[in-house]
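K.L.:
A single structure is presented below for examination.
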Amino acid sequence: KKLPISRCSRCDESNYCTVEKVQLDHKEVLLWLEVVGERLDPSSSEIFSFLPSAQAWQASGTVREERRTDAGCTKVKLSCPAPAAPYLKDLYFCYAPGYSHVPISDLFVTEGACELEAPRNASFLSGYPGSRCHDSPAPEKHGMEDALGPKQSKRESDSRSDALICDWAARGEMICAAAEAKHQRVMCVLTNRLHSLQAFRTSWEAGDIVAFVQKLEACNDNSLPAAFLSRFAEHPEELHPAILARLLPMAQKLVQANCEEHAVAAVRFALQLLHVSWPGVAKALKSAGTPRVLFKACEEVVYQLQSMFAVVKTLSRSVKISKTNGPLVPLCKRLKGNLEEALANVGRLRS
């Protein structure tokens, strides 16, 4: 027996959603999910398709069942409206804004098609080349096939195979045409990003963190600073206050970015900063023996945190953010509380 194929809609290494099983019915698509890490509102999950030959289609999910396991994860059964037959060839699932999208068409073809009821669902899947319904005719047709004989059945089977090959070939041509149309633009973006990464690598290998931060500040592509802030958020050692004072303005800029993934990376960096690096800064501010240069760097960190606190406080009340139901909402609230506590402990909280 073949094991079911699993797919992960991932936010980061600690927060992801695994699609364990997909079943297709004539009115809905049922998904069995396992959520690890931060539990978000499953109703913000979506399935969607963007076939080049048709208009984009998407639908939100509705929770059918939900339970917490002993392992600490959450099992969710989700229901989504079923799309029209053409869209079944290219379906994707996304757990929440900020999470990656994953293909699920092969999941319900492999695992769910054998569970569908016939002949009701066979008619729904007609024309879908990946479905086993082509090879599993409705029970009432068995007698006709026996009467036609093996030669006639073989001709019909060959005809179905030829139709499948033609359909997949046409789909392949459409994919190639779409890839060629965007090729030059993608190549330009990736080439610029490669050059930037090569420049970053030189400073990183030389251990010149100041030059590295300068190149980050001069970068016009938000995705690169967001990626590096994500790496800094995983850094277990505290950063020098002078470096923090340079990184915090970038984080504040990304917190307000239109891309939620970039904003989430910046917020997580700030949370890690408060957990790992802030205690040393607070201690230096309270100590009378702190060198003047270090004290000035710590004062700059405080100023940047005060500025970020004002931005996050405004952002947490934003209607735009509250409608996303993504990871940014709880992270912003958590960061607001942590910033308020940290600044209050050193007497620098502004009303």
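K.L.:
Scan region 290-304 and give yes if some residue there is closer than 30 Å to residue 99 by Cα and in contact with a Pro (Cβ under 8 Å, 6 or more places away or on another chain), otherwise no.
P.N.:
So far as region 290-304 goes, yes, one or more of its residues are closer than 30 Å to residue 99 by Cα and in contact with a Pro (Cβ under 8 Å, 6 or more places away or on another chain).
K.L.:
Please determine whether any residue of region 299-308 is of a type outside the set (Phe, Trp, Tyr), closer than 24 Å to residue 223 by Cβ and open to solvent by less than 10 Å² (accessible area, probe 1.4 Å).
P.N.:
Yes: one or more hits.
K.L.:
What are the residues in region 71-105 that are at pLDDT 80 or above, of a type in the set (Gly, Ala, Ser) and under 24 Å from residue 328 (Cα atoms), if any?
P.N.:
Once the filter is applied, which keeps residues that are at pLDDT 80 or above, of a type in the set (Gly, Ala, Ser) and under 24 Å from residue 328 (Cα atoms), region 71-105 yields 72, 96, 100.
K.L.:
Considering only region 246-269, state which residues are farther than 10 Å from residue 229 by Cβ, among the small types (Gly, Ala, Ser) and assigned to a helix (DSSP H, G or I).
P.N.:
263
K.L.:
Using the structure shown, decide if residue 315 is open to solvent by less than 60 Å² (accessible area, probe 1.4 Å), modelled with pLDDT under 90, among the hydrophobic types (A, V, I, L, M, F, W, C) and over 23 Å from residue 243 (Cβ atoms).
P.N.:
yes
K.L.:
Same structure again: Can you tell me which residue in region 66-105 is farthest from residue 49 (Cα to Cα), limited to those that are of a type in the set (Val, Ile, Thr) and part of a strand (DSSP E or B)?
P.N.:
Among those that are of a type in the set (Val, Ile, Thr) and part of a strand (DSSP E or B), it is 74.
K.L.:
May I pose another question? Suppose the filter is assigned to a helix (DSSP H, G or I) and within 28 Å of residue 12 (Cα to Cα); does residue 294 pass it?
P.N.:
It is false that residue 294 is assigned to a helix (DSSP H, G or I) and within 28 Å of residue 12 (Cα to Cα).
K.L.:
Go through region 202-221 and give me each residue that's in a helix (DSSP H, G or I), within 23 Å of residue 261 (Cβ to Cβ) and open to solvent by 50 Å² or more (accessible area, probe 1.4 Å).
P.N.:
Hits for region 202-221 are 204, 215, 217, 218.
K.L.:
Another question about this same structure. When residue 326 is evaluated against the numbered criteria (1) modelled with pLDDT under 90; (2) surrounded by fewer than 19 Cβ atoms within 10 Å (Cβ to Cβ); (3) not in a helix (DSSP H, G or I), which criterion, by number, is the only one it fails?
P.N.:
(2)
K.L.:
Right, next: If you take the residues in region 329-351 that are in contact with a Ser or Thr (Cβ under 8 Å, 6 or more places away or on another chain) and open to solvent by less than 40 Å² (accessible area, probe 1.4 Å), which one is modelled with the lowest pLDDT?
P.N.:
Applying the filter and picking the extreme gives 329.
K.L.:
Which of the numbered conditions does residue 236 fail, given that it passes all the others? Conditions: (1) more than 29 Å from residue 201 (Cβ to Cβ); (2) open to solvent by 20 Å² or more (accessible area, probe 1.4 Å).
P.N.:
Failing condition for residue 236: (1).
K.L.:
Which members of region 239-263 meet the condition of being within 18 Å of residue 309 (Cα to Cα) and of a type in the set (D, E, K, R)?
P.N.:
Within region 239-263, 246, 253 qualify.
K.L.:
Here is a follow-up. Take the conditions hydrophobic (A, V, I, L, M, F, W, C) and loosely packed, with under 14 Cβ neighbours inside 10 Å and apply them to residue 288. Does it pass?
P.N.:
Criteria met by residue 288.
K.L.:
Just the residues that are more than 19 Å from residue 349 (Cβ to Cβ) and touching a helix residue (DSSP H, G or I) at 6+ places or on another chain (Cβ under 8 Å), please, taken from region 268-279.
P.N.:
Selection gives 268, 269, 272.
K.L.:
Also: Quick one: is residue 285 farther than 24 Å from residue 199 by Cα, in contact with an Asp or Glu (Cβ under 9 Å, 6 or more places away or on another chain), part of a helix (DSSP H, G or I) and touching a residue at least 60 places away in the same chain (Cβ under 8 Å)?
P.N.:
It is true that residue 285 is farther than 24 Å from residue 199 by Cα, in contact with an Asp or Glu (Cβ under 9 Å, 6 or more places away or on another chain), part of a helix (DSSP H, G or I) and touching a residue at least 60 places away in the same chain (Cβ under 8 Å).
K.L.:
Only one of these is without any contact (Cβ under 8 Å) to a residue 40 or more places away in the chain and either out of contact with any strand residue (DSSP E or B) (no Cβ under 6 Å at 6 or more places or on another chain) or among the hydroxyl-bearing types (Ser, Thr, Tyr) (or both): 295, 269. Name it.
P.N.:
Answer to the selection: 295.
K.L.:
Which one of these does residue 224 not meet: (1) assigned to a helix (DSSP H, G or I); (2) within 26 Å of residue 278 (Cα to Cα); (3) more than 22 Å from the chain's Cα centre (by Cα)?
P.N.:
(3)
The values are calculated or read from the model by the stated rules, or taken from the named source; none is laboratory data. Note that the structure is a prediction, hence the values are computed from the model and not measured. In this analysis, Cβ positions are derived from the backbone assuming ideal geometry, glycine residues included, and neighbour counts consider all displayed protein chains. For the accessible areas, the whole protein counts, side chains as well, though only heavy atoms, and no ligand, DNA or RNA atoms are used. Shrake-Rupley method; radii C 1.70, N 1.55, O 1.52, S 1.80 Å.
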